[in-house]
Amino acid sequence: MVIENGKISAPQIGKMIYLAVTPTAILSTPAITYQFAKQDLWISPMWAFSGVIAIWIALSIHRLFPGENLVQAGERILGRKLGKVFGLVILLYYLYLGGVIVREYGEFVVGAFLVQTPLLVVSGSMVLVCAIVVRSGVEIIARFADVFIPVFAMLFLLLIIPLLPDLHILKMLPIMGEGIGPSLSGSVVLQAWFSEFLTVSFLIPFANRAEKVKKSMAITLLAVIVTLVSSNLVTLLLLGELTGNYNYPFLIVARYINLADFFTHLESLFMAIWVLGAFVKICVFFYVTAMGAAQWMNLREYQPIVFPVGFLLLLMSVWVAPNLQELTHALSTSIIFSALTVLVCIPAALLGLAWIRRQWGKKNLQD
Amino acid sequence: MGKTNGFGSRGPRSNQREAERFAHQEENRQLDQALSANLAENVQALQRLYTRCSDVIFHEFCIGNRMEAVLVYIDGLAHIEEVDQHVLAPLQQDFPMDFTLADIRGKIAVSSIKPVDTIVKVLEEISGGNPVLLMEREPHGLAIGLPKWEKRAIDEPSAESVLRGPREGFIESLRTNTALLRRKIRTPHLKIVTMSMGKYTSTQIALAYLEGVAAPSLVEEMTSRLQRIEIDGILESVYIEELIEDNPFSPFPQLLSTERPDVASAYLLEGHVVVLIDGTPSVLIAPITFYSLLQSPEDYYERYVVGTAIRWLRYLFFLISLLGPSFYVAVITYHQEMIPNALLITMARSREQIPFPAIVEALLMESMFEALREAGARLPKQIGTAVSIVGALVIGQAAIAAGIVSAPMVMVVAITGVASFMAPRFTVGIAIRLLRFPVMVLAGFLGLLGLIMGGILILNHLFKLRSFGAPYMAPLAPMQWRSLNDVLWRAPRWLMTKRPHMTGAWNPRRQPHGQRPGPHKGESGD
């Protein structure tokens with residue numbers, strides 16, 4: 001049963017994953033990371049263990065079951081009933097994460113720009129637009145990623161380069177003054193984001209040349225790390241100890257820019273970047289949820305359930321937290337653990353099981 | 001039998017239709033009939049078809065003073081002088097006693113003579129302007145290729161003028177147009193397949209492509225799409241365009257129409273197919289990408305640096321024409337902090353007196369501008385200037401003085417207007433002008449966010465769009481590096497060694513590498 005006819009290339013998968021991880025990471029993580037890592041804030045993104053593991057799991061699963069994603073492989077490994085339960089857990093978690101992202105997006109836009117607009121209008125319009133795009137298929141989302149990556153990179157540089165003269169290199173000293181401990185504990189919150197790399201498992205089946213995905217994922221992981229290191233570094237070198245006092249330190253950085261009294265207050269530019277990124281991110285999560293749910297229910301196509309899933313997504317975004325403070329708290333506590341559990345540990349266990357079953361099967365065959 | 005119209009009218013009306021249809025079938029049967037050996041019968045059949053057609057002439061005469069014959073032609077479509085001189089004059093001389101059809105053919109000093117043997121073919125030839133000679137005791141007629149009708153001279157197409165480059169344009173005659181193409185591409189690989197379409201107009205349509213360059217699948221697809229068309233008449237290329245495009249609901253054109261033979265030839269050389277239609281100077285090119293709508297032939301005739309710069313200017317102003325007023329509305333309504341302080345004060349002062357919110361102001365002025373543009377375009381030149389003067393006064397001066405709109409808004413509208421005229425193709429310019437309004441409304445509701453949403457929705461449509469199976473936004477999305485050569489910049493001729501991805505995949509090699517010129521080029525040891 002083919003639910004999606006689109007074919008995408010390995011670089012497109014890389015770009016989608018990049019945009020599915022980076023935008024919210026730039027925005028939300030520096031403040032949380034700073035509380036643990038202090039001036040070693042910029043080292044934390046380099047400890048991307050869960051990203052490496054998630055990519056490895058996704059690629060191994062695809063090697064064992066070519067052309068199938070995590071949920072489909074789960075049904076093969078665990079059997080029909082357990083597999084369905086496993087799929088439900090993964091899909092509900094994706095729905096939950098999608099809700100968190102939509103909420104983050106909404107809170108950011110309402111808090112920083114459209115102060116008088118109701119949250120539901122902001123997130124509702126985004127979910128609606130995403131639903132329309134998700135209905136168009138994975139190829140279209142990939143094309144958006146294709147186009148937005150250069151825009152994203154250009155706007156990002158446009159924000160960073162004017163700041164270079166204002167950076168104080170001394171603020172990063174002492175480097176690893178207390179060993180690697182602080183930067184490691186600062187990177188714990190980032191693991192939630194890196195574990196989202198598991199999403200690649202849902203995209204590989206659509207790759208026209210699956211063998212190239214490995215290389216493109218390596219590049220993507222590197223690009224994400226470089227982006228986070230540079231954004232954290234700029235934030236740190238500009239704001240120093242103030243970094244931890246803001247919800248969105250990088251937004252403050254954008255506000256700081258003043259070129260010839262003309263290019264001032266570029267935070268709207270930052271919003272543009274961020275909305276574009278969040279758009280692709282929501283689309284990817286939305287797509288995975290809708291497509292996975294359609295597979296899970298054995299539907300012939302996923303398009304009819306896109307709008308219902310979008311409605312759930314919007315509801316979820318309201319349910320995840322009563323306010324921004326709770327959301328930030330959840331991001332630095334429970335979500336890290338749930339993400340690591342559902343996106344890393346459970347799939348790793350699944351992979352281990354598959355591996356054991358395979359070995360066992362071989363041994364049986366030899367006997 | 002189809003739907004009923006009105007109460008109780010079903011019976012008689014359907015009977016009448018049945019009768020009509022029967023008569024039609026009868027007529028069709030007659031048309032397919034072969035010519036008989038009896039001249040009078042043939043002439044009668046033709047005269048019955050051509051009743052009340054005063055422009056059809058049946059000229060009776062005797063070949064060699066012996067054999068009865070009739071020359072049928074349409075006055076105004078056939079070249080009468082030539083017919084008199086080269087057909088009638090030699091045929092009316094004395095002939096030897098027993099002459100054959102071959103002898104008659106030999107006597108006619110015309111290069112194109114075709115035998116025709118059915119009524120329908122006779123009709124075709126006559127409508128095409130070729131006089132048909134019918135003879136006693138002959139079940140064949142001779143179609144003599146001497147058509148002549150009034151046509152326009154070849155001149156520069158006013159919608160696509162260039163400073164440098166050929167100044168000829170297609171005209172309304174299909175033959176002339178194919179000749180213009182053939183004169184540029186002088187190879188037997190240039191195939192021009194003609195077909196006739198339209199139940200009443202029998203319009204001639206030619207499909208041109210370069211064999212070995214255009215993908216056979218593309219030619220096949222185009223042929224099958226053309227053959228699917230059933231229509232009563234074709235008066236302009238857009239009739240065909242609307243019946244063969246991929247997405248009939250899109251505001252964007254999925255076929256390129258041009259009046260320039262050099263543009264059509266350039267596309268042929270890249271592996272596209274061209275459809276020429278008799279009776280209109282605009283030809284259709286497929287498949288196309290979005291970017292080809294933003295290219296002008298001038299880009300390729302200027303130096304490539306200049307061509308690239310102009311192309312980027314065009315991209316920039318394309319974005320302005322789509323998003324300009326929305327951006328202004330968004331910034332002035334929601335994001336005032338983006339405006340530098342000094343400018344903000346001036347703007348606030350100019351908006352002080354204005355009773356409307358920026359979005360109302362923008363919608364008002366933009367629709368006013370569109371109205372003026374439309375009025376100016378449809379009026380004769382003398383009145384057109386009056387409209388533009390009044391428009392300039394009303395929009396420019398009076399509206400500001402009366403305190404209805406602010407001066408910056410007038411400026412934004414004017415810039416947007418100019419920007420939308422920068423699109424080299426009118427069709428894409430008008431699509432953009434149309435899409436501007438919904439984006440403006442979105443920006444009025446949600447500021448920059450709404451503008452981004454609008455942009456995403458438009459992009460979503462463009463990404464989905466296909467022109468004859470080729471993605472519309474390629475080579476940018478999906479990314480195809482090789483073809484970006486002709487999108488991000490206008491690469492110099494010696495670097496364009498490969499045809500674009502979309503159509504050139506069949507035969508990618510355009511020219512050999514290493515043709516970059518230089519003072520030492522061609523010397524030994526280079």
Q: Please find the FRET efficiency linking A:LEU259 to B:HIS520, where r is the Cβ-Cβ separation and R0 is fixed at 35 Å, and quote it to the nearest 0.05.
A: 0.15
Q: Would you pull out the residues with amide H under 5 Å of B:ILE171's amide H, same chain only if 5 or more places away, H placed 1.01 Å from N?
A: B:ASN177
**Q.** Karplus-derived HN-Hα couplings along region B:50-55 (A = 6.51, B = -1.76, C = 1.60, θ = phi - 60°), whole Hz, x at Gly and Pro
**A.** 9, 5, 6, 10, 6, 8
Q: Round to a whole angstrom and tell me the spacing of the C-alpha centers of region B:62-92 and region B:318-363.
A: 76 Å
Q: Could you tell me which of the pairs B:LYS114/B:LYS184; B:LYS184/B:LYS498; A:LYS7/A:LYS212; A:LYS7/A:LYS214 are separated by over 23 angstrom between their Cα atoms in the structure shown?
A: B:LYS114/B:LYS184
Q.
Starting from the 7 Å offset along Cα-to-Cβ, what nm value, one decimal, do you get for the label separation of A:TYR246 and A:ILE180?
A. 3.0 nm
Q. Does region B:440-483 come out rounded, prolate or oblate by the C-alpha gyration tensor, with a ≥ b ≥ c the root eigenvalues, rounded set by a/c under 1.5 and, if not, prolate when a/b is larger than b/c and oblate if not?
A. prolate
Q: Give the cross-link partners of B:LYS464 among the aspartates and glutamates, using a straight C-alpha distance below 16 Å as the criterion and excluding same-chain residues fewer than 8 apart.
A: A:GLU4, A:GLU139, A:ASP146, B:GLU245, B:ASP246
Q: For chain B, find the longest principal axis of its Cα atoms and tell me its angle to the long axis of helix B:174-184, 0 to 90°, nearest 10.
A: 70 degrees
Q: Using label points projected 7 Å from each Cα along Cα→Cβ, tell me how many nm separate A:LYS215 and B:ALA377, to one decimal.
A: 4.9 nm
Q: Could you run the Karplus curve 6.51 cos²θ - 1.76 cosθ + 1.60 with θ = phi - 60° over region B:421-438 and give me ³J(HN,Hα) per residue in whole Hz, x for Gly and Pro?
A: 7, 7, 5, x, 10, 4, 4, 6, x, 6, 4, 5, 4, 6, 6, 4, 5, x
Q.
Can you compute the FRET efficiency between B:THR100 and B:LEU243 using 1/(1 + (r/R0)^6), with r the Cβ-Cβ distance and R0 = 60 Å? Round to the nearest 0.05.
A. 0.80
Q: Could you pull out every whole DSSP H run in chain A that spans at least 20 Å of Cα extent along its own axis and averages -0.5 or higher on the Kyte-Doolittle scale?
A: A:10-37, A:49-64, A:80-112, A:119-135, A:138-160, A:213-239, A:267-296, A:346-366
Q.
In region A:104-124, whose amide N lies under 18 Å from the spot 7 Å out along Cα-to-Cβ of B:LEU344? List them in ranges.
A. A:112-116
**Q.** Zero-based 20 Å bins, Cα pair distances in chain A, whole percents
**A.** 30, 57, 13, 1, 0
Q) For region B:151-301, what class follows from the C-alpha gyration tensor (a ≥ b ≥ c being the square roots of its eigenvalues): rounded when a/c is under 1.5, otherwise prolate if a/b is larger than b/c, else oblate? A) rounded
**Q.** Convex hull per residue volume in Å³, alpha carbons only, for region B:23-144
**A.** 94 Å³
Q. Where does the Debye-calculated log10 I(q)/I(0) of the protein assembly as shown sit at q = 0.08 Å⁻¹, using only Cα point scatterers of equal weight, no solvent?
A. -0.92
Q | R0 of 30 Å, Cβ-Cβ distance B:ARG482-B:THR194: FRET efficiency to nearest 0.05 | A | 0.30
**Q.** GluC sites (Glu not before Pro) within region B:166-273, DSSP loop, no more than 12 other Cβ atoms inside 10 Å
**A.** B:GLU230
(Q) Need the full-extension length gain, B:ARG137 to B:GLN397, defined as separation in residues times 0.36 nm minus the C-alpha distance. One decimal, nm. (A) 85.4 nm
Q | lysines with Cα under 26 Å of B:LYS121, excluding same-chain neighbours fewer than 8 positions away | A | B:LYS107, B:LYS148, B:LYS151, B:LYS191, B:LYS199
Q: When a/c is below 1.5 the answer is rounded, else prolate if a/b is larger than b/c, else oblate, so apply that to region B:302-471 with a ≥ b ≥ c taken from the square roots of the Cα gyration tensor eigenvalues.
A: oblate
Q | Within 10 Å of each Cβ in A:137-145, the average number of Cβ atoms from other chains | A | 4
Q. Spin-label point model (7 Å from Cα, Cβ direction): what's the B:ALA37 to A:LEU158 distance in nm?
A. 8.6 nm
Q. Taking the Cα centre of each part, how many Å lie between region A:107-174 and region B:235-288?
A. 39 Å
**Q.** Stretchable slack from B:CYS53 to B:ILE430, in nm (0.36 nm times residue separation minus alpha-carbon distance)
**A.** 131.5 nm
Q.
Given Cα positions, please report Rg to Rh for region B:66-127, the hydrodynamic radius being the Kirkwood one.
A. 0.96
**Q.** region B:150-309, relative contact order [Cα under 8 Å, separation at least 6], %
**A.** 27 percent
Q | ³J(HN,Hα), Karplus 6.51/-1.76/1.60, whole Hz, each residue of region B:286-293, x for Gly, Pro | A | 8, x, 10, 10, 4, 5, 5, 6
Q.
Can you tell me which aspartates and glutamates have their Cα less than 12 Å from the Cα of A:LYS281? Leave out same-chain residues fewer than eight positions away.
A. A:GLU104, A:GLU196
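Only the coordinates and a few stated rules stand behind these numbers; no lab work does. For clarity, every value in this text was computed on a predicted model and none was experimentally measured. So basically every Cβ, Gly included, is an ideal-geometry build from the backbone, and we count neighbours across all protein chains shown.
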